Amino acid sequence: MALPDGYNWFLIILTIALSLVLVAANVYILIHYQHPDDVNQAWFPKIVVVMSLWLAMAMVLLFPLDVANRAACNFSIVESSCKYALPMQKMWQAAFISNLVLTFFFIPFTMFYYEGDSDYSCGLRIKNALLWTLAMAVVLGLAIGVAYGLAGYVEYPTQELLSGMLPLDQLPQLPNTTGRCILPGQGFPGFSAANIARKDGCTAFNSAFYGATWTMRVSFPVYIMAIQSVIGWILFLVFAGWGIFAAPIDWIFQYIRRPKAVITKSEYIERARGLAMRAKDIKVTAEMLKRQEREVGRNRHWRSNFKQLQRQLIQLEEDEVVLDSVFPQGQDGEVRWVMYQLGYIGTGLMGLIGLCVSGCWLAHIIVYMLPPIPIHPLLNEVFIKLDGVFPLFGVAAFAAFCGYLLIVAIKGNFLLGLNFLVISLYPIRVGATLMSSFLVNTALILAMSSAVIQFCASAFASYANSTQIFDVFGNQVMYLKGLRYIYQFNIFLYMFMGIMGISIIVMVIKGPGKWKRAQREDAYKF
């Protein structure tokens, strides 16, 4: 059944349902991770975070919708003539433009406002945030505009073939002998058998072949999508390359290191006393930093000590959560203990499944993506066969593999977070994440979502070759002037594989437990 304007009821209802589920999921994430200081306040940053997380996840799921949308009509029918098709091209452009606006305008403005000096009035904080955001917008707009003016072209390698002409009614007179062809300038008019030149192994290519490059201007929205994907790739190859195997291994080790029994009350009191002493030391250090700030200001040494203090406070809060998990208190203590254990079991299962999915991705990259001519379609063939069983099975599996890339990229960001100077100030922690941390990490996730989409478009070219987004990334972005060599020689992909290999070596040598302990020791070097 079709709507009055010709769209598919099923796809529209499915899209609305998934959108509502994503909104609910992101609201839960915000509530679950937010810091107590941000409860019932900072509403505008919260709205921006929920919108941004929703858009990042929706963009990845928009690809499977694009596949299902193309399958709504027979492949012999042009999509523009299919009365059941959704306007995917407009939806993709709206999604990428919204991504750009949120990543480079709304989130920076919110950050500048949220972290503005608390002594300033609301109007002054808004003014300063607008000025900083406007400066970023001008720089970014000029950079994209100049780049589009100079290099906003696609360069398609073409093969120019020349041949003679022959009336259709004289085709039966052509000899059936292999190795004969009509040379340019021959055949018509005045065709005769003598005009057919004899050439051993004559084909259309060796008859008259010329190599050339066809250059044409690409649309501005497509160019914006290309720029976003390049920026996203820089982040994606680091975080997803690290997380694709480190994430499932870390989940498995979380299950292995889980608390296996409730500690005694005396042991709980002893550990709690240790946490209290550490909290007292942190308070003394904070007061000392306040005096130094009044006396000498925020110099380089002060900022370094302040960062170390923040890390100590973060670790103290995490250790408090761990202590609570091994000695649940209250009337529902036993129930909470059971829920903790079920959570660890779920994490372990997720690690095992993730390890299998990561192995499938590694095999697919080696067999399908790296060779100039794919050795085997692998996952493409799996999805096609699943669609043969039931149409939604292949699309669901396709969505799962694409969504998994975004998940491991986020996990890789968390695992590497404390090892980067900028990200170290913005960790994500359950029940202790400030809005500034939410905003920074949300911007990273938004940026990586475009790279996930391009990665899936390249990885599943056989399965998704008729979709609107594949037309953008597979037929236009891949041939952009100045960028096509990066994709032609798989530079990003080889860097991705290199970081993946480094992560495996580090995880094998150190192990997730030692990795975590190394971070903890660094946090106490004040």
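The values are calculated or read from the model by the stated rules, or taken from the named source; none is laboratory data. Since we're looking at a predicted model, the values are computed, not measured. Please note that ligands, DNA and RNA were not included when accessible areas were found on the heavy atoms of the full protein model with its side chains. Shrake-Rupley method; radii C 1.70, N 1.55, O 1.52, S 1.80 Å.
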The stretch 103-154: radius of gyration and largest Cα-Cα distance (Dmax), Å: 14.8, 52
Hey, got the Cα dimensions of the stretch 212-254 along the principal axes, in Å, largest first? 53, 25, 12
For T433, enumerate residues with amide H under 5 Å from its amide H, sequence gap 5+ or separate chain, H modeled in the peptide plane. Q34, H35
Going by accessible area, probe 1.4 Å, with all protein chains left in place, what is the ranking of F239, F306, F109, largest first? F306, F109, F239
With a bin width of 10 angstrom, please list the P(r) values of the stretch 312-461 as percents of all Cα-Cα pairs, from the 0 bin to the one holding the largest distance. 9, 27, 29, 21, 12, 2, 0
In whole Å, largest first, the alpha carbons of the stretch 471-513 cover along the principal axes 44, 17, 10
Normalise the Cα radius of gyration of the stretch 329-403 by 2.2 N^0.38 Å (N = residues in it) and let me know the number. 1.66
Can you grab the distance from the C-alpha centre of the stretch 283-359 to the C-alpha centre of the stretch 4-69, Å, no decimals? 28 Å
Alpha-carbon radius of gyration plus Dmax, which is the widest Cα pair, for the stretch 214-295 in Å: 25.6, 78
